[in-house]
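Peer 1: One structure follows; several queries about it will come next.
The values are calculated or read from the model by the stated rules, or taken from the named source; none is laboratory data. Just so it is clear, the model here is predicted, and its values are computed rather than measured. Cβ placement follows ideal geometry from the backbone for every residue including glycine, while neighbour counts extend to all protein chains displayed.
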Amino acid sequence: MMTSKINLQYLTIKEANRALNEGDYTSQDLTQAHLEAMVAERGLNSFVTECPDRALAMAEESDKRRSKGEQISPLDGIPLAIKDLFCTEGILSTAGSRILDGFTPTYESTVSHNLWSAGAVLLGKTNMDEFAMGSANVTSYYGNCINPWKASSGNLVGKDLVPGGSSGGSAAAVAARLALGSTGTDTGGSIRQPSSFCGVVGLKPTYGRCSRWGIIAFASSLDQAGPITRSVGDAALMLAEMAGFDPKDSTSANLPVPSYIESLNGNIKGLRIGIPSEYKLDSMPDEIEDVWQRGRDWLIDAGAEVIDISLPHTKYALPSYYIIAPAEASSNLARYDGIRYGLRVEGEDLIDTYEKTRAAGFGDEVKRRIMIGTYVLSAGYYDAYYRQAQKVRTQITNDFNSVWKECDAILTPTTPSAAFAIGEKMEDPIAMYLNDIFTVPASMAGLPAISVPAAINKEGLPLGLHVIGPAFTEQTVLRIADVIETAAEFTANPNENITIAG
Amino acid sequence: MTLDTNTVRRIARLARLHIPESELSHLASDLSNIIGWVEQLAEVKTDGVEPMTNVIETESHYREDVINDGGDSAKVLQNASDSSGNFFTVIKVIE
């Protein structure tokens, strides 16, 4: 059928699962359509590695299971993209870095293993900021990924825009209909910020909800895997398979995984939604203020109670993050020595080999963060910087713990702007860091948070709303996000001429 | 706090990063800006506040003291840039 290809790409996971069950087409059809779309859209540079042979073999296995009535899960036969931070057995895994040149893991990350055990199909590995350090996908050794959205008016017309980062390839691939869903990881906003920039749904679960085993480490006290999808329901379906206790990650939570999809009942009557006054920035563009106001109205219309709250240490979240995350990164990235895997540049002696390998293997942003991290952990500075940042992190978490007495969840914008042009903010690291101003506080407190596409701005670019909940309340966070999704009626997609709302 | 080029050279050595002399002053300026920005944390009153070490309280769990993994030296060595027998090889480190 001539028309099937486009239609297959435009399904949600939920719709695709239903159609597979009804025998409308096979996982091999679905997978083939996405593999062809990936080839057609190579210009976006959203994949570092494409896995067509593996994908078709996995799809064939899924089709065999379904034909025998042995479907494993709602993800059985669903083609997904995996961020290149997840180790995948027998498939190049780079973290977007030259230092992992040629690294082919001999093991599978727990989260990706869980997805394959649920029957999902691996399409390929997605582009990302090097070691997940960035907010624009411009620090990747494999080149920047391009946001499939284009501005329809204003200064950005005709320019390639960033997809956000660090999970830029994962968000761009889902937005461009190259995958039905993808995995991301979020340390300070790396799932939510690119999801907002690309007009898709991105969920960062509670720290510990998904195992970190086999995910290349950036900042171990913050890193968390989560799904990127085109609907809140799909995020619920993916999280249910990704999450769970793992004895191989001592920080993974030994709690049952609920049925997230069943919590999407549209009923938020009586829920109290907090609006933190500290998130109202003087410099906030009107379009961000507007989408936030619309979000409040939607939730009130659905029966929620919206209240003003205060999180007094909000302004210190970003600077404390930029001590703690680099400190942990400098420690985690000490393992890249050129000896056991990845790049090796021979030097005059062993230390020279380490130094030359790491100089050649790491890009500028990673080097900056290793240097900052080494500095704040060094003798004489540890108490003033690292220990103080850990204390501020306690204060930030205490702020959230206090407001949970007054409200059930918090609503904020996801980002302080829409996507910007590739090349912007490159000379000023702090300007780039400010992209994560609304996402970092929840990361510092380990809380679940989701970005949902909520509006198209006057330039024709998507804007997201951000819902934060108490630890392990993914069900509530998803339920509120589902209500926002229904009210927002966000149907625009980057592959078509966009109708501007309002 | 402004980082001078000597400090940057020392930190680069600790971090095992070769930074060419020509790049030291630019890097010193970048790092000074970032450190200057994070120093606003000094104004936060943290007397009596415990530093956070574990954001989500999880119970430590015991496991059986059994061997359940290992014996995979071929897998471990598979990605080595140079190996010999069951060993990684490095440049001579003992004079």
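Peer 1: So which of A:Asp364, A:Asp383 ends up being without any contact (Cβ under 8 Å) to a residue 12 or more places away in the chain, more than 8 Å from chain B (Cβ to nearest Cβ) and surrounded by fewer than 18 Cβ atoms within 10 Å (Cβ to Cβ)?
Peer 2: After applying the criteria, what remains is A:Asp383.
Peer 1: Quickly run through the range A:16-41 and pick out the residues that are buried (at least 17 other Cβ atoms within 10 Å of the Cβ), assigned to a helix (DSSP H, G or I) and not small (Gly, Ala, Ser).
Peer 2: Once the filter is applied, which keeps residues that are buried (at least 17 other Cβ atoms within 10 Å of the Cβ), assigned to a helix (DSSP H, G or I) and not small (Gly, Ala, Ser), the range A:16-41 yields A:Asn17, A:Leu20, A:Gln28, A:Asp29, A:Leu30, A:Thr31, A:Gln32, A:His34, A:Leu35, A:Met38.
Peer 1: Across the range B:2-57, what is the total count of residues that are free of Cβ contacts under 8 Å to residues at least 24 places away in the same chain, among the polar types (S, T, N, Q) and farther than 16 Å from A:Tyr321 by Cα?
Peer 2: Selection size over the range B:2-57: 7.
Peer 1: List the number of the failed condition for A:Thr394; all other conditions in (1) farther than 20 Å from A:Ser443 by Cβ; (2) touching an Asp or Glu at 6+ places or on another chain (Cβ under 9 Å); (3) at the interface with chain B (Cβ under 8 Å from one of its Cβ atoms) hold.
Peer 2: Going through (1) farther than 20 Å from A:Ser443 by Cβ; (2) touching an Asp or Glu at 6+ places or on another chain (Cβ under 9 Å); (3) at the interface with chain B (Cβ under 8 Å from one of its Cβ atoms) one by one, A:Thr394 breaks only (1).
Peer 1: Hey, another quick one. Give the residues of the range A:118-142 that are of a type outside the set (Gly, Ala, Ser) and more than 30 Å from A:Leu20 (Cα to Cα), sorted by residue number.
Peer 2: Within the range A:118-142, A:Met128, A:Asp129, A:Glu130, A:Phe131, A:Met133, A:Asn137, A:Val138, A:Thr139, A:Tyr141, A:Tyr142 meet the criteria.
Peer 1: Would a scan of the range A:447-468 turn up a residue that is more than 16 Å from A:Ile288 (Cβ to Cβ), part of a loop (DSSP other than H, G, I, E, B) and within 16 Å of the chain's Cα centre (by Cα)?
Peer 2: Within the range A:447-468 (the criterion being more than 16 Å from A:Ile288 (Cβ to Cβ), part of a loop (DSSP other than H, G, I, E, B) and within 16 Å of the chain's Cα centre (by Cα)), the answer is yes, since at least one residue qualifies.
Peer 1: Evaluate the range A:304-314: report whether one residue or more is under 28 Å from the mean Cα position of the chain (by Cα), assigned to a helix (DSSP H, G or I) and at the interface with another protein chain (Cβ under 10 Å from one of its Cβ atoms).
Peer 2: Scanning the range A:304-314 turns up no residue that is under 28 Å from the mean Cα position of the chain (by Cα), assigned to a helix (DSSP H, G or I) and at the interface with another protein chain (Cβ under 10 Å from one of its Cβ atoms).
Peer 1: Which residues, taken from the range A:327-349, are part of a helix (DSSP H, G or I) and either at the interface with another protein chain (Cβ under 8 Å from one of its Cβ atoms) or closer than 18 Å to A:Tyr386 by Cα (or both)?
Peer 2: Once the filter is applied, which keeps residues that are part of a helix (DSSP H, G or I) and either at the interface with another protein chain (Cβ under 8 Å from one of its Cβ atoms) or closer than 18 Å to A:Tyr386 by Cα (or both), the range A:327-349 yields A:Ala327, A:Glu328, A:Ala329, A:Ser330, A:Ser331, A:Asn332, A:Leu333, A:Ala334.
Peer 1: Could you grab me the full set of residues in the range A:29-73 that are more than 17 Å from A:Ala16 (Cα to Cα) and hydrophobic (A, V, I, L, M, F, W, C)?
Peer 2: Within the range A:29-73, A:Met38, A:Val39, A:Ala40, A:Leu44, A:Phe47, A:Val48, A:Cys51, A:Ala57 meet the criteria.
Residue by residue, here is whether (1) modelled with pLDDT of 95 or more; (2) out of contact with any strand residue (DSSP E or B) (no Cβ under 8 Å at 6 or more places or on another chain); (3) among the β-branched types (Val, Ile, Thr) holds:
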position	(1), (2), (3)
A:Val403	yes, no, yes
A:Met444	yes, yes, no
A:Ala454	yes, no, no
A:His466	yes, no, no
A:Gln475	yes, yes, no
A:Ala487	yes, yes, no
A:Pro494	no, yes, no
A:Ile498	no, no, yes
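Peer 1: Out of the range B:8-22, which residues are surrounded by 14 or more Cβ atoms within 10 Å (Cβ to Cβ) and either more than 7 Å from chain A (Cβ to nearest Cβ) or hydrophobic (A, V, I, L, M, F, W, C) (or both)?
Peer 2: B:Val8, B:Arg9, B:Arg10, B:Ile11, B:Ala12, B:Arg13, B:Leu14, B:Ala15, B:Leu17, B:Ile19
Peer 1: Right, something else. Is one or more of the residues making up the range A:416-436 among the aromatic types (Phe, Trp, Tyr), assigned to a loop (DSSP other than H, G, I, E, B) and farther than 20 Å from A:Ile480 by Cβ?
Peer 2: Yes.
Peer 1: Taking the range A:98-119, which residues are more than 14 Å from every other protein chain (Cβ to nearest Cβ) and over 22 Å from A:Asp249 (Cβ atoms)?
Peer 2: Listed by number, the list holds a single entry, A:Gly119.
Peer 1: A further question follows. Of everything in the range A:67-89, what is in a loop (DSSP other than H, G, I, E, B) and under 22 Å from A:Asp249 (Cβ atoms)? Give them in sequence order.
Peer 2: Matches in the range A:67-89: A:Ser73, A:Leu75, A:Asp84, A:Leu85, A:Cys87, A:Glu89.
Peer 1: Have a look at A:Pro441, A:Pro448, A:Pro494 and point out the one that is closer than 28 Å to A:Leu156 by Cα and either touching a residue at least 12 places away in the same chain (Cβ under 8 Å) or touching an Asp or Glu at 6+ places or on another chain (Cβ under 6 Å) (or both).
Peer 2: A:Pro494
Peer 1: Shifting gears a bit: So, in the range A:219-235, exactly how many residues are more than 13 Å from chain B (Cβ to nearest Cβ), more than 11 Å from the chain's Cα centre (by Cα) and either of a type in the set (S, T, N, Q) or closer than 12 Å to A:Phe86 by Cα (or both)?
Peer 2: Number of matching residues: 1.
Peer 1: Next question, about the same structure. From the list A:Ala225, A:Ala217, A:Ala176, which one is out of contact with any strand residue (DSSP E or B) (no Cβ under 8 Å at 6 or more places or on another chain) and crowded, with 24+ Cβ neighbours inside 10 Å?
Peer 2: Among A:Ala225, A:Ala217, A:Ala176, only A:Ala176 is out of contact with any strand residue (DSSP E or B) (no Cβ under 8 Å at 6 or more places or on another chain) and crowded, with 24+ Cβ neighbours inside 10 Å.
Peer 1: Another question, then. A:Val257: away from chain B (no Cβ under 14 Å), in contact with a strand residue (DSSP E or B) (Cβ under 6 Å, 6 or more places away or on another chain) and of a type outside the set (Phe, Trp, Tyr), yes or no?
Peer 2: Criteria not met by A:Val257.
Peer 1: Assess whether A:Ile410 counts as being away from chain B (no Cβ under 13 Å), part of a strand (DSSP E or B) and more than 21 Å from A:Glu489 (Cβ to Cβ).
Peer 2: For A:Ile410, the condition - away from chain B (no Cβ under 13 Å), part of a strand (DSSP E or B) and more than 21 Å from A:Glu489 (Cβ to Cβ) - is met.
Peer 1: Give the number of residues within the range B:70-82 that are more than 25 Å from the chain's Cα centre (by Cα) and either polar (S, T, N, Q) or more than 9 Å from chain A (Cβ to nearest Cβ) (or both).
Peer 2: Adding up the residues that qualify gives 3.
Peer 1: Report whether or not A:Ser283 is within 14 Å of chain B (Cβ to nearest Cβ) and either assigned to a helix (DSSP H, G or I) or closer than 30 Å to A:Gln388 by Cβ (or both).
Peer 2: No.
Peer 1: Would you please name the residue that is nearest to A:Leu318 (Cα to Cα), looking only at residues in the range B:24-62 that are of a type outside the set (Val, Ile, Thr) and crowded, with 17+ Cβ neighbours inside 10 Å?
Peer 2: Here the answer is B:Leu41.
Peer 1: Can A:Pro312 be described as modelled with pLDDT of 95 or more and either under 16 Å from A:Lys391 (Cβ atoms) or in contact with a Phe, Trp or Tyr (Cβ under 8 Å, 6 or more places away or on another chain) (or both)?
Peer 2: Taking the combined requirement at face value, the residue satisfies it.
Peer 1: Considering each of B:Ser22, B:Ser83, B:Ser60, B:Ser29 in turn, give the residue that is farther than 16 Å from A:Val376 by Cβ and touching a helix residue (DSSP H, G or I) at 6+ places or on another chain (Cβ under 6 Å).
Peer 2: Only one candidate passes the filter, namely B:Ser83.
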